[in-house]
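The values are calculated or read from the model by the stated rules, or taken from the named source; none is laboratory data. All of these numbers come straight from a predicted model, not from anything done at the bench. Reconstructed Cβ throughout: ideal geometry from the backbone, glycine too, with neighbour counts over all protein chains shown.
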Amino acid sequence: MLITSIGQGLLWAPLVIGVFLTFRILNIPDLTTEGSFPLGAALTISAMLNGQSAIVASLLGFLGGCAAGWVTGILDTKLKMPSLLAGILTMTGLYSVNMHVMGKANIPLLDQKVLTNYLPAGWSLDVQTIVIGAGITAAVVLALVWLFQTRLGLSLMATGNNAAMSAANGIYTDRMVIIGYMLSNGLIALSGALIAQSNGYADIGMGIGTIVIGLASVLVGEIFLHGRTMWVRLSGMVVGAVIYRYLLTLAMGLGFPVNDLKILSAAILVVVICLPLLQNKYRTKRQLSRYLKQIGVDQNGNYRRSKRTTTTEGLLSGDQQRTSRAQKRELND
């Protein structure tokens with residue numbers, strides 16, 4: 001179960017990284033995901049059925065996702081549509097595009113050679129999946145780590161952090177947003193290409209719920225592995241993808257039907273969203289209680305009785321001392 005989850009999680013990792021680019025780097029909710037994921041699968045399987053190799057077909061799927069991201073970026077930056085609406089429009093249009101590419105709602109692979117067939121035949125399917133997924137994911141992570149050390153990558157992050165300040169410093173923010181959309185959806189389509197080859201088919205509905213899967217994996221990865229450096233953040237996305245797939249596999253092993261995977265995905269997303277909020281609330285409450293304890297105040301805002309008693313005793317003893325001194329002066333006079 002764990003080996004299978006690792007292999008599947010690595011195949012889904014490019015999608016999680018793509019969602020991370022728009023959701024965390026650009027700070028944009030992009031719903032193009034649910035259209036670009038099946039687009040990558042449709043282009044890859046169709047190209048393989050037409051005689052292209054698995055490597056070339058996967059690259060075509062990646063480029064198709066980049067084209068979908070370009071369309072969303074143009075709608076967002078040039079036509080000034082809200083990013084959420086731009087993603088919805090592109091996602092809706094891609095449904096028809098995918099149908100034209102495939103010709104029907106579902107196309108299976110026949111005897112075509114997929115990426116795992118390039119590995120030794122003596123290896124098990126799970127090992128082949130892990131090797132292919134790890135190799136592609138490692139290449140994506142290394143390429144992005146290098147990119148975010150360049151001027152282009154730094155401009156991309158600056159645009160996501162503060163677009164107005166970035167524009168004031170001479171960064172073409174519209175161009176950066178379009179590039180971010182293209183990279184994100186290209187990786188999402190690449191993940192669709194890998195999943196389609198693993199499943200042996202491309203389906204028009206395979207993109208439904210992928211945005212939930214991506215967001216849940218991003219949040220899970222940030223819980224288990226968080227940091228400031230880019231390679232740590234990207235590694236967290238890979239870890240989140242693997243853990244998320246393991247949770248789904250575990251749920252299926254417990255007897256949940258396949259039809260309930262979508263609602264399980266939504267439930268996991270709710271948990272990973274609420275868990276950090278509850279942790280922060282509990283941590284803040286503990287810090288406040290510790291501070292009030294140090295200054296001698298209870299949680300109702302009242303001073304402790306011992307403090308008030310000590311203060312009262314100090315005042316009474318001072319009054320007695322002053323009265324005694326006054327009586328002594330009167331006797332001396």
Close pairs from region 228-241: first crowded, with 24+ Cβ neighbours inside 10 Å, partner among the polar types (S, T, N, Q), Cβ under 6 Å, at least 6 apart: VAL238/THR137; GLY240/SER217; ALA241/SER217
Scanning region 39-92 residue by residue, the ones that are free of Cβ contacts under 8 Å to residues at least 60 places away in the same chain, closer than 21 Å to GLY200 by Cα and of a type in the set (Val, Ile, Thr) total 1
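Looking only at region 22-35, decide whether some residue is surrounded by fewer than 17 Cβ atoms within 10 Å (Cβ to Cβ) and over 29 Å from TYR172 (Cα atoms).
Kept after step one, since they are surrounded by fewer than 17 Cβ atoms within 10 Å (Cβ to Cβ), are these residues of region 22-35: 24, 27, 29.
Next, from what is left, pick out any that are over 29 Å from TYR172 (Cα atoms): none.
Looking through region 22-35, none of the residues is surrounded by fewer than 17 Cβ atoms within 10 Å (Cβ to Cβ) and over 29 Å from TYR172 (Cα atoms).
Let's see how each residue does on (1) of a type outside the set (A, V, I, L, M, F, W, C); (2) in the same structural domain as ASN185 (by TED's automatic domain parsing); (3) modelled with pLDDT of 95 or more:
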{"residue": "ALA42", "(1), (2), (3)": "no, yes, yes"}
{"residue": "SER58", "(1), (2), (3)": "yes, yes, yes"}
{"residue": "GLY64", "(1), (2), (3)": "yes, yes, yes"}
{"residue": "ALA67", "(1), (2), (3)": "no, yes, yes"}
{"residue": "SER83", "(1), (2), (3)": "yes, yes, no"}
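Can you tell me which residue among THR129, THR150, THR92, THR173 is under 19 Å from GLY64 (Cα atoms), hydroxyl-bearing (Ser, Thr, Tyr) and within 27 Å of the chain's Cα centre (by Cα)? Outline the logic, then answer.
On the way: THR129 fails: under 19 Å from GLY64 (Cα atoms); THR150 fails: under 19 Å from GLY64 (Cα atoms); THR173 fails: under 19 Å from GLY64 (Cα atoms).
The conditions single out THR92.
Yes/no per residue for (1) touching a residue at least 40 places away in the same chain (Cβ under 8 Å); (2) in a helix (DSSP H, G or I); (3) not assigned by TED's automatic domain parsing to the domain that holds GLY69:
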position: LEU94; (1), (2), (3): yes, yes, no
position: ILE107; (1), (2), (3): yes, no, no
position: ASP111; (1), (2), (3): no, no, no
position: GLY133; (1), (2), (3): yes, yes, no
position: VAL140; (1), (2), (3): yes, yes, no
position: GLY186; (1), (2), (3): yes, yes, no
position: ALA193; (1), (2), (3): yes, yes, no
It is to be established whether one or more residues within region 143-154 are out of contact with any Leu (no Cβ under 9 Å at 6 or more places or on another chain), aromatic (Phe, Trp, Tyr) and assigned by TED's automatic domain parsing to the domain that holds ILE45. yes
Please enumerate the residues belonging to region 195-212 that are part of a helix (DSSP H, G or I), in contact with a helix residue (DSSP H, G or I) (Cβ under 7 Å, 6 or more places away or on another chain) and within 30 Å of ASP111 (Cα to Cα). ILE195, ALA196, GLN197, SER198, THR210
What single numbered condition from (1) modelled with pLDDT of 95 or more; (2) surrounded by fewer than 24 Cβ atoms within 10 Å (Cβ to Cβ); (3) closer than 21 Å to ILE178 by Cβ fails to hold for PRO14? (2)
Identify the residue in region 36-82 that is under 25 Å from the mean Cα position of the chain (by Cα) and not in a helix (DSSP H, G or I) and, among all such residues, is surrounded by the fewest Cβ atoms within 10 Å (Cβ to Cβ). PRO82
